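First comes the structure, then the notes that go with it.
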Amino acid sequence: MSKPIYIINGPNLNLLGTREPEIYGSQTLADIETLCRNAAKANGFKIEFLQSNIEGEIVDAIQDAGKKGVAIIINPAAYTHTSVALYDAIKAVSVPCIEVHLSQPAARESFRRRSFVSEASVGTISGFGANSYLLGLQAVFDLLKS
Ligand code: CA2
(Lines give C-alpha, C1' and ligand atoms only; values in the text may rest on other atoms or scores of the structure.)
Protein backbone atom coordinates (compact mmCIF):
# COMPACT_ATOMS: atom_id res chain seq x y z
CA MET A 1 0.00 0.00 0.00
CA SER A 2 1.43 3.43 -0.92
CA LYS A 3 2.22 5.93 1.82
CA PRO A 4 -0.16 8.89 2.32
CA ILE A 5 0.31 12.64 2.04
CA TYR A 6 -0.33 14.08 5.51
CA ILE A 7 -2.53 17.20 5.64
CA ILE A 8 -2.17 18.71 9.10
CA ASN A 9 -4.35 21.53 10.44
CA GLY A 10 -3.67 23.67 13.49
CA PRO A 11 -5.68 25.39 16.21
CA ASN A 12 -9.21 26.70 15.66
CA LEU A 13 -9.46 25.42 12.10
CA ASN A 14 -12.18 23.06 13.41
CA LEU A 15 -14.31 26.25 13.57
CA LEU A 16 -14.09 26.92 9.83
CA GLY A 17 -17.42 27.73 8.20
CA THR A 18 -19.00 28.84 11.48
CA ARG A 19 -17.36 32.27 12.03
CA GLU A 20 -15.37 34.92 10.16
CA PRO A 21 -16.36 33.70 6.65
CA GLU A 22 -15.16 37.05 5.23
CA ILE A 23 -11.59 36.03 6.20
CA TYR A 24 -11.61 32.24 6.00
CA GLY A 25 -14.48 31.43 3.59
CA SER A 26 -17.68 29.51 4.24
CA GLN A 27 -16.40 25.98 3.70
CA THR A 28 -15.96 23.74 6.71
CA LEU A 29 -12.81 21.73 7.40
CA ALA A 30 -14.81 18.61 6.44
CA ASP A 31 -15.57 20.25 3.05
CA ILE A 32 -11.84 20.93 2.55
CA GLU A 33 -11.03 17.34 3.52
CA THR A 34 -13.45 16.06 0.85
CA LEU A 35 -11.90 18.35 -1.80
CA CYS A 36 -8.40 17.12 -0.87
CA ARG A 37 -9.41 13.45 -0.74
CA ASN A 38 -10.97 13.67 -4.22
CA ALA A 39 -7.96 15.50 -5.71
CA ALA A 40 -5.54 13.00 -4.18
CA LYS A 41 -7.56 10.03 -5.44
CA ALA A 42 -7.71 11.48 -8.96
CA ASN A 43 -3.90 11.67 -8.93
CA GLY A 44 -3.32 8.22 -7.43
CA PHE A 45 -2.45 9.34 -3.89
CA LYS A 46 -3.95 8.76 -0.43
CA ILE A 47 -4.19 11.35 2.35
CA GLU A 48 -4.20 11.41 6.14
CA PHE A 49 -6.18 14.51 7.13
CA LEU A 50 -6.05 15.72 10.72
CA GLN A 51 -6.60 18.74 12.94
CA SER A 52 -5.47 19.51 16.46
CA ASN A 53 -5.64 22.47 18.81
CA ILE A 54 -2.64 21.11 20.72
CA GLU A 55 0.91 22.00 19.66
CA GLY A 56 2.45 18.71 20.89
CA GLU A 57 -0.12 16.67 18.94
CA ILE A 58 0.88 18.55 15.78
CA VAL A 59 4.56 17.77 16.51
CA ASP A 60 3.53 14.08 16.87
CA ALA A 61 1.65 14.25 13.54
CA ILE A 62 4.71 15.71 11.79
CA GLN A 63 6.88 12.92 13.24
CA ASP A 64 4.30 10.30 12.10
CA ALA A 65 4.32 11.83 8.62
CA GLY A 66 8.11 11.54 8.57
CA LYS A 67 7.85 7.80 9.32
CA LYS A 68 4.65 6.79 7.54
CA GLY A 69 4.01 9.47 4.89
CA VAL A 70 5.47 10.81 1.65
CA ALA A 71 4.89 14.55 2.15
CA ILE A 72 3.31 17.08 4.49
CA ILE A 73 0.86 19.88 3.75
CA ILE A 74 0.40 21.96 6.87
CA ASN A 75 -1.82 24.87 7.84
CA PRO A 76 -0.27 25.55 11.24
CA ALA A 77 -2.81 28.37 11.93
CA ALA A 78 -1.66 30.58 14.84
CA TYR A 79 1.32 28.28 15.55
CA THR A 80 2.73 29.50 12.21
CA HIS A 81 3.79 32.67 13.96
CA THR A 82 4.95 31.29 17.31
CA SER A 83 6.19 27.74 17.13
CA VAL A 84 9.87 26.82 17.20
CA ALA A 85 8.63 23.29 18.07
CA LEU A 86 6.91 22.98 14.67
CA TYR A 87 10.00 24.42 12.93
CA ASP A 88 12.22 21.84 14.67
CA ALA A 89 9.79 18.98 13.93
CA ILE A 90 9.62 19.81 10.21
CA LYS A 91 13.41 20.20 10.03
CA ALA A 92 13.78 16.75 11.64
CA VAL A 93 11.79 14.86 8.97
CA SER A 94 13.06 14.07 5.49
CA VAL A 95 9.71 14.33 3.65
CA PRO A 96 8.91 17.65 1.90
CA CYS A 97 6.63 20.11 3.70
CA ILE A 98 4.36 22.68 2.01
CA GLU A 99 2.80 25.42 4.15
CA VAL A 100 -0.72 26.58 3.24
CA HIS A 101 -2.99 29.35 4.49
CA LEU A 102 -6.56 30.23 3.63
CA SER A 103 -5.96 33.96 4.10
CA GLN A 104 -2.91 36.01 3.18
CA PRO A 105 -1.14 36.55 6.53
CA ALA A 106 1.29 39.09 5.02
CA ALA A 107 -1.65 41.41 4.27
CA ARG A 108 -3.04 41.25 7.82
CA GLU A 109 -1.72 42.21 11.28
CA SER A 110 2.04 42.69 11.56
CA PHE A 111 2.38 39.75 14.01
CA ARG A 112 1.31 37.42 11.18
CA ARG A 113 4.28 38.44 9.00
CA ARG A 114 6.71 36.09 10.74
CA SER A 115 6.35 32.39 9.90
CA PHE A 116 8.61 29.90 11.67
CA VAL A 117 7.09 27.17 9.49
CA SER A 118 8.05 28.89 6.20
CA GLU A 119 11.67 28.68 7.26
CA ALA A 120 11.42 24.86 7.32
CA SER A 121 9.13 24.40 4.28
CA VAL A 122 9.74 23.89 0.58
CA GLY A 123 7.16 26.57 -0.25
CA THR A 124 4.09 28.45 0.94
CA ILE A 125 0.68 28.98 -0.68
CA SER A 126 -1.60 31.55 0.93
CA GLY A 127 -4.59 33.72 0.20
CA PHE A 128 -6.69 31.45 -2.01
CA GLY A 129 -9.16 30.07 0.55
CA ALA A 130 -9.78 26.33 0.30
CA ASN A 131 -8.03 26.40 -3.07
CA SER A 132 -4.72 26.98 -1.21
CA TYR A 133 -4.96 23.33 -0.10
CA LEU A 134 -5.57 22.11 -3.66
CA LEU A 135 -2.69 24.22 -4.98
CA GLY A 136 -0.54 22.77 -2.18
CA LEU A 137 -1.56 19.27 -3.22
CA GLN A 138 -0.72 20.04 -6.85
CA ALA A 139 2.74 21.19 -5.72
CA VAL A 140 3.18 17.91 -3.82
CA PHE A 141 2.03 15.80 -6.81
CA ASP A 142 4.58 17.59 -9.01
CA LEU A 143 7.36 17.16 -6.41
CA LEU A 144 6.63 13.46 -5.94
CA LYS A 145 6.32 12.74 -9.65
CA SER A 146 9.54 14.60 -10.58
O1 CA2 B 1 -5.20 31.91 6.86
C2 CA2 B 1 -4.92 30.88 7.49
O3 CA2 B 1 -5.12 29.76 7.04
C4 CA2 B 1 -4.34 31.01 8.90
O5 CA2 B 1 -3.43 29.93 9.10
C6 CA2 B 1 -5.52 30.91 9.85
C7 CA2 B 1 -5.12 31.12 11.32
C8 CA2 B 1 -4.32 32.40 11.48
O9 CA2 B 1 -3.86 32.49 12.82
C10 CA2 B 1 -3.13 32.46 10.54
O11 CA2 B 1 -2.48 33.71 10.70
C12 CA2 B 1 -3.59 32.31 9.09
C13 CA2 B 1 -6.38 31.20 12.19
C14 CA2 B 1 -7.26 30.01 12.13
C15 CA2 B 1 -8.52 30.30 12.90
O16 CA2 B 1 -9.61 29.70 12.24
C17 CA2 B 1 -10.86 30.15 12.53
C18 CA2 B 1 -11.86 29.71 11.71
C19 CA2 B 1 -13.15 30.15 11.90
C20 CA2 B 1 -13.45 31.00 12.95
C21 CA2 B 1 -12.43 31.42 13.78
C22 CA2 B 1 -11.13 31.00 13.58
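The values are calculated or read from the model by the stated rules, or taken from the named source; none is laboratory data. This is a predicted model, so every value here is computed, not measured. Note that each Cβ is placed from the backbone with ideal geometry, even for glycine, and that neighbours are counted across all protein chains shown. These area figures cover heavy atoms from the full protein model, side chains too; ligands, DNA and RNA do not enter into them. Shrake-Rupley method; radii C 1.70, N 1.55, O 1.52, S 1.80 Å.
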By residue number, the members of region 28-85 that are open to solvent by 40 Å² or more (accessible area, probe 1.4 Å), touching a residue at least 60 places away in the same chain (Cβ under 8 Å) and in a helix (DSSP H, G or I) are Asp31, Leu35, Lys68, Ala78, Tyr79
query = Could we say that Ser110 is among the small types (Gly, Ala, Ser), free of Cβ contacts under 8 Å to residues at least 12 places away in the same chain, open to solvent by 70 Å² or more (accessible area, probe 1.4 Å) and within 13 Å of the ligand (Cβ to nearest atom) here?
reply = yes
Considering region 2-20, residues that are farther than 18 Å from Leu86 by Cα and in contact with a strand residue (DSSP E or B) (Cβ under 8 Å, 6 or more places away or on another chain), and then whichever is surrounded by the fewest Cβ atoms within 10 Å (Cβ to Cβ), we arrive at Asn14
Note on region 113-125: residues within 12 Å of the ligand (Cβ to nearest atom), open to solvent by 50 Å² or more (accessible area, probe 1.4 Å) and not in a loop (DSSP other than H, G, I, E, B) are Thr124
Restricted to region 126-146 and to residues being over 12 Å from the mean Cα position of the chain (by Cα) and among the aromatic types (Phe, Trp, Tyr), the residue most open to solvent (accessible area, probe 1.4 Å) is Phe128
